[in-house]
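To start, the structure under review is shown below, and the notes come after it.
The values are calculated or read from the model by the stated rules, or taken from the named source; none is laboratory data. Predicted model, so just to flag it, every value in this text is computed and none were measured. A quick note on method: Cβ atoms are made from the backbone with ideal geometry, for glycine too, and the neighbour counts reach across all protein chains shown. Areas reflect the complete protein model, heavy atoms only, side chains present, ligands, DNA and RNA absent. Shrake-Rupley method; radii C 1.70, N 1.55, O 1.52, S 1.80 Å.
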Amino acid sequence: GQQVMQIPQYQHVQEGEDFTTYCNSSTTLSNIQWYKQRPGGHPVFLIQLVKSGEVKKQKRLTFQFGEAKKNSSLHITATQTTDVGTYFCAGHQRDDYKLSFGAGTTVTVRA
Amino acid sequence: GAGVSQTPSNKVTEKGKYVELRCDPISGHTALYWYRQSLGQGPEFLIYFQGTGAADDSGLPNDRFFAVRPEGSVSTLKIQRTERGDSAVYLCASSRTPNTGELFFGEGSRLTVL
């Protein structure tokens, strides 16, 4: 079955620094989505990527979908304390309704 | 309401008991998903409904788990003969379109089986 893997599992960042989290699928995806879950909260949708090689930006967040549509990355610049939480990637295989989530990258920020 | 509503928010039960968890999706969303999330893990797919029918129930761990959505809106996840390993947060999500749209998650129902 489809597996979605994320690295690193934990990311400890100094406030103001940049970091990247990576997502890899064992199968080709029709799209990939990213969600953020704050401590004690529920996953909240951030963005969806559909096209091979697609890059989208949301303020300090940059999302990329790989050329082979099997991997994705999230890059955060100038990390702030508001970025604390767990970031999940999730993907659909073609013609599959199931959205499979990775285990997430949990981000903590040192002020 | 404006968002996905789940009840109860917390449920503590004893091993062997029967439990029902309810999800009220966003009005007009035809797609409804149930996920289970254990501490430190990502949401684990359980079942997907399109309208009233279960389009994909491949994630249900065994036959103690069952879900219904009789009128295409509210859904109930039913767990029989609960086990300690069933303890987790059960998340419901709805989507305007299946397969491509963003999921809107509820706050979850935290189930603890003693």
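Things to note:
- Taking region B:2-58 as the range and being at pLDDT below 95 and on the phi > 0 side of the Ramachandran plot as the test, the residues that pass are B:GLY28, B:GLY40, B:GLY51.
- Subset of region A:70-96 (residues that are farther than 25 Å from A:ARG38 by Cβ and within 14 Å of chain B (Cβ to nearest Cβ)): A:GLN93, A:ARG94, A:ASP95, A:ASP96
- Remark: pairs (first residue in region B:46-73, without any contact (Cβ under 8 Å) to a residue 12 or more places away in the chain and among the small types (Gly, Ala, Ser); second residue part of a strand (DSSP E or B) and surrounded by 15 or more Cβ atoms within 10 Å (Cβ to Cβ); Cβ separation under 6 Å; 6+ apart in sequence or on different chains) are absent.
- Picking from residues in region A:15-26 that are open to solvent by 40 Å² or more (accessible area, probe 1.4 Å) and within 17 Å of A:GLY102 (Cα to Cα), the one that is nearest to the chain's Cα centre (by Cα) is A:TYR22.
- The residue that is nearest to A:GLN11 (Cα to Cα), counting only those in region A:71-111 that are surrounded by fewer than 17 Cβ atoms within 10 Å (Cβ to Cβ) and among the charged types (D, E, K, R), is A:ARG110.
Every residue, every condition in (1) within 28 Å of B:GLY3 (Cα to Cα); (2) among the β-branched types (Val, Ile, Thr); (3) open to solvent by 40 Å² or more (accessible area, probe 1.4 Å); (4) in a loop (DSSP other than H, G, I, E, B), yes or no:
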| position | (1), (2), (3), (4) |
| --- | --- |
| A:GLN6 | no, no, no, no |
| A:VAL13 | no, yes, no, no |
| A:THR28 | no, yes, yes, yes |
| A:ILE32 | yes, yes, no, no |
| A:LYS36 | yes, no, no, no |
| A:GLY41 | yes, no, no, yes |
| A:PHE45 | yes, no, yes, no |
